[in-house]
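Encoded as structure tokens, the structure appears first; notes follow it.
The values are calculated or read from the model by the stated rules, or taken from the named source; none is laboratory data. As the structure is a prediction and not an experimental result, all values here were calculated from the model. Note: ideal-geometry Cβ built from the backbone for every residue, glycine included; neighbour counts use all protein chains shown.
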Amino acid sequence: MTLDQSAPAILLGALLGLRHATDADHVVAVTTIVARQRSWLQAARIGAVWGVGHSLTLLLLGGAIIFFRIVIPPRVGLALEFGVALMLIGLGYANLRRGDAPREPSLHRPFWIGVVHGLAGSAAVALLVLSTIRAPLAATAYLLMFGLGTILGMMVVTLLLAAPTVVAGARVARMQGGVRLAAGALSIVFGLLLARELIVDGGLFSAAPTWAPH
């Protein structure tokens with residue numbers, strides 16, 4: 001299948017990337033960062049940098065899976081997703097113990113969060129591509145469009161998450177602590193539930209783990 005023949009599927013990748021940005025673990029992770037922001041620009045930058053980290057990993061690891069037909073062992077796949085669970089717990093804990101004053105966010109943090117999410121999700125995306133597009137170059141083009149869609153989608157998500165604080169401005173200064181605590185608690189709970197699913201249902205530490213990329 002040539003690039004021209006694959007064009008509809010490649011364009012579909014951008015739309016799926018937009019939807020991918022709204023996955024629950026992605027939204028929970030960025031919520032812990034943007035919950036304290038009062039600037040549209042800062043919120044958009046956080047989303048964009050998260051998307052870049054995610055897409056870069058997707059292109060590198062997903063591309064390797066496509067070109068070299070790499071098979072991810074179940075235990076490795078579960079371990080990558082378990083890393084996401086630990087990250088969510090860590091982000092939540094960090095939010096609970098930080099002060100209330102808003103500050104300029106470090107862009108290193110959302111970038112590496114995106115990288116971790118990309119590691120956990122690359123196999124699923126690559127396998128989805130291979131099921132519909134067999135040509136490596138066309139499949140890589142799909143990954144690129146998927147990544148661009150994810151960047152745009154996460155920018156929209158972070159803007160929506162930051163909207164209440166940005167619009168209200170100083171009037172909700174007293175609410176900042178509550179928002180921060182709620183976001184931190186949500187992240188910890190979600191991380192614990194994900195970890196339980198991977199350990200109990202997936203059998204991460206068992207003799208015969210089972211994993212289905214999703």
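Just to be sure before I move on: is residue 115 surrounded by 15 or more Cβ atoms within 10 Å (Cβ to Cβ) and modelled with pLDDT under 90 in the structure I sent?
Against the criterion (surrounded by 15 or more Cβ atoms within 10 Å (Cβ to Cβ) and modelled with pLDDT under 90), residue 115 does not qualify.
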Of the residues 85, 138, 126, only one is under 15 Å from residue 16 (Cα atoms), at pLDDT 80 or above, surrounded by 19 or more Cβ atoms within 10 Å (Cβ to Cβ) and not polar (S, T, N, Q); which?
126
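Taking the condition of being in a loop (DSSP other than H, G, I, E, B) and surrounded by 23 or more Cβ atoms within 10 Å (Cβ to Cβ), how many residues in segment 14-32 meet it?
Number of matching residues: 1.
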Selection from segment 23-48 of residues that are modelled with pLDDT of 85 or more and either under 18 Å from residue 122 (Cβ atoms) or small (Gly, Ala, Ser) (or both):
23, 24, 25, 26, 29, 43, 44, 47, 48
Of the residues that make up segment 91-107, is at least one among the aliphatic types (A, V, I, L, M), at pLDDT below 85, under 21 Å from residue 161 (Cα atoms) and surrounded by fewer than 22 Cβ atoms within 10 Å (Cβ to Cβ)?
yes
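Matching residues to (1) at pLDDT below 90; (2) surrounded by 14 or more Cβ atoms within 10 Å (Cβ to Cβ); (3) charged (D, E, K, R):
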site	(1), (2), (3)
165	yes, yes, no
171	yes, no, yes
178	yes, no, no
212	yes, no, no
